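The values are calculated or read from the model by the stated rules, or taken from the named source; none is laboratory data. The structure displayed is predicted, hence computed values, not measured ones. Positions of Cβ are backbone-derived with ideal geometry, glycine not excepted, and every protein chain shown enters the neighbour counts. Heavy atoms of the whole protein, side chains included, go into the accessibility calculation; ligands, DNA and RNA do not. Shrake-Rupley method; radii C 1.70, N 1.55, O 1.52, S 1.80 Å.
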Amino acid sequence: MIEKIKALKGQGKPVIGCFPLYPPLELFHSLGLNPVVLWRLKGEGGQTGESDRHLQNYTCSVARHMTEFLLSEESGAFLDGIFMYNACDTLRNMPEIIEGGLETAGRSVPFFNIHIPMVPPAQTDGDEYLKNEVNRLIEELEACFDRKFDSVAFQNSVAQFKRLRMLYLQAEAAVANGGIGFREFAGVFRKAAGMPVEQQQGILEPLLSQYAENSKNQDKAGIILSGILPPPDAMVEAMESSGLRIVGNDIAALHRSYADMPQPGAEPAAYYRDFYFNHYPCPTLLYSGDRRVQALLERCQQTGAKGVVFIGEKFCEYEYFEFPYLEKKLGGQGVQTLLLELAVDDEDHSAAHGARIEAFAEMLSTS
């Protein structure tokens, strides 16, 4: 990621690091900024020695690796701004910690944020509040980076990101049909992450042009992956070698990020009202919880999946609160579930995961 950020800096545009999960990328892009969502930063800042000085050891790996990345001397020096919103209790309390760490190191990076009303839109009207938050963000960005919001540029940026989301959905369909392996698909996501939207399109388009639809491995049991981050390659290999076929995903970094296409428009407040309040269901968007079970069941029906494998990010309370309920509801519809937990240093210790995956595959093959 640091090499990508260096390359972005070389293009002459300010680089703004965005806390996951779903920042307003179109807005940043329209203002001539290069937004980078800080996903999957394991290894970018070495171990987590620096972040462990500031965060408890029961903080999820996403937060710990992101803090390590931002506080590292090389990584943090190349960011011109940092954006966050109230995605979860951990992330919403991190800016003060990171600002303090940067101040101690003699560095200063401007922070920007919005607060998304976590209320059911049908019960409590948060439109005006969100509109004020979006407009305030625009004003702060304009002042900090000497930019002026332009509605035409915003609409062009919306069109670019819509195109990118469509390409990701097409790639997902290719995975489901057996033309592209999930490991290859996840590798493309890792390669594209941190690049400008136009370059991401340039990576996905050649992949899809080479894809030839086929129906190989259709006899294998289909599963959907769910969680915050894609599983490590070793876990994917264990699934595929055990006779499982990954036919879809409900992963925050992947499907949840690009599944929905907000209605385009010249007014950012209206666009982001649609973007957030009608977003694909995610535990971090509390008001979407009532739609989550139905969304997962529909994914299973669309893909023919017989099971859902939850890649649990250890200490992610938003996800873990839902697992028992989802397991019960999915089971009632004949969909089997498996929970595999990953902690900050668990990716390289997959033997136990492999045994559970094999048992799950055997169960699906006989059901």
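For A266, are the conditions met, namely being open to solvent by 10 Å² or more (accessible area, probe 1.4 Å), under 30 Å from E317 (Cβ atoms) and hydrophobic (A, V, I, L, M, F, W, C)? No, not satisfied.
Scanning the range 301-312 for residues that are in contact with a strand residue (DSSP E or B) (Cβ under 9 Å, 6 or more places away or on another chain) and either open to solvent by 60 Å² or more (accessible area, probe 1.4 Å) or within 16 Å of H255 (Cβ to Cβ) (or both) gives Q302, T303, A305, K306, V308, V309, F310, I311.
A Cβ distance below 7 Å, combined with a sequence gap of six or more or placement on separate chains, defines the contacts here; from the range 86-110, residues that are among the polar types (S, T, N, Q) reach residues that are outside any helix (DSSP H, G or I) in the pairs N86/H115; N86/I116; T90/T59; T90/C60.
Applying the criterion of being at pLDDT 85 or above and among the small types (G, A, S) to the residues of the range 58-90, the residue that is nearest to E341 (Cα to Cα) is S61. If you check C300, C282 for being within 17 Å of the chain's Cα centre (by Cα) and under 24 Å from Q333 (Cα atoms), only one passes: C282.
For the range 115-139, give me each residue that is over 14 Å from Y276 (Cα atoms) and open to solvent by 40 Å² or more (accessible area, probe 1.4 Å). Full working, then the answer.
The initial filter retains those residues of the range 115-139 that are over 14 Å from Y276 (Cα atoms), namely 123-124, 132, 135-139.
Those that are over 14 Å from Y276 (Cα atoms) and open to solvent by 40 Å² or more (accessible area, probe 1.4 Å): Q123, T124, N132, N135, R136, E139.
Residue by residue, here is whether (1) crowded, with 18+ Cβ neighbours inside 10 Å; (2) modelled with pLDDT under 90; (3) part of a strand (DSSP E or B) holds:
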| position | (1), (2), (3) |
| --- | --- |
| Q56 | no, yes, no |
| E103 | no, yes, no |
| N113 | no, no, yes |
| L141 | yes, no, no |
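I'm checking my understanding of the structure. Among residues of the range 205-225 that are at pLDDT 95 or above and either open to solvent by 60 Å² or more (accessible area, probe 1.4 Å) or out of contact with any Ser or Thr (no Cβ under 8 Å at 6 or more places or on another chain) (or both), which one is farthest from I2 (Cα to Cα)? Among residues in the range 205-225 that are at pLDDT 95 or above and either open to solvent by 60 Å² or more (accessible area, probe 1.4 Å) or out of contact with any Ser or Thr (no Cβ under 8 Å at 6 or more places or on another chain) (or both), the one farthest from I2 (Cα to Cα) is I223. For F145, the conditions (1) closer than 30 Å to P232 by Cβ; (2) in contact with a Leu (Cβ under 8 Å, 6 or more places away or on another chain) are fulfilled apart from (1). Among the listed residues F69, F83, which satisfies the condition of being open to solvent by less than 20 Å² (accessible area, probe 1.4 Å), part of a helix (DSSP H, G or I) and in contact (Cβ under 8 Å) with a residue 60 or more places away in the chain? Checking each option against the conditions leaves just F69.
Note on the range 32-58: residues that are in contact with a Leu (Cβ under 7 Å, 6 or more places away or on another chain) and farther than 21 Å from Y258 by Cα total 2. For A234, are the conditions met, namely being surrounded by fewer than 22 Cβ atoms within 10 Å (Cβ to Cβ) and either in a strand (DSSP E or B) or among the aliphatic types (A, V, I, L, M) (or both)? Yes. Out of E319, E341, E358, one residue alone is closer than 17 Å to N249 by Cα, open to solvent by 50 Å² or more (accessible area, probe 1.4 Å), modelled with pLDDT of 90 or more and of a type in the set (D, E). It is E341.
For (1) more than 19 Å from V197 (Cα to Cα); (2) part of a helix (DSSP H, G or I); (3) open to solvent by less than 20 Å² (accessible area, probe 1.4 Å), each residue gets a yes or a no:
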| position | (1), (2), (3) |
| --- | --- |
| K13 | no, no, no |
| P20 | no, no, yes |
| D52 | yes, yes, no |
| T59 | yes, no, yes |
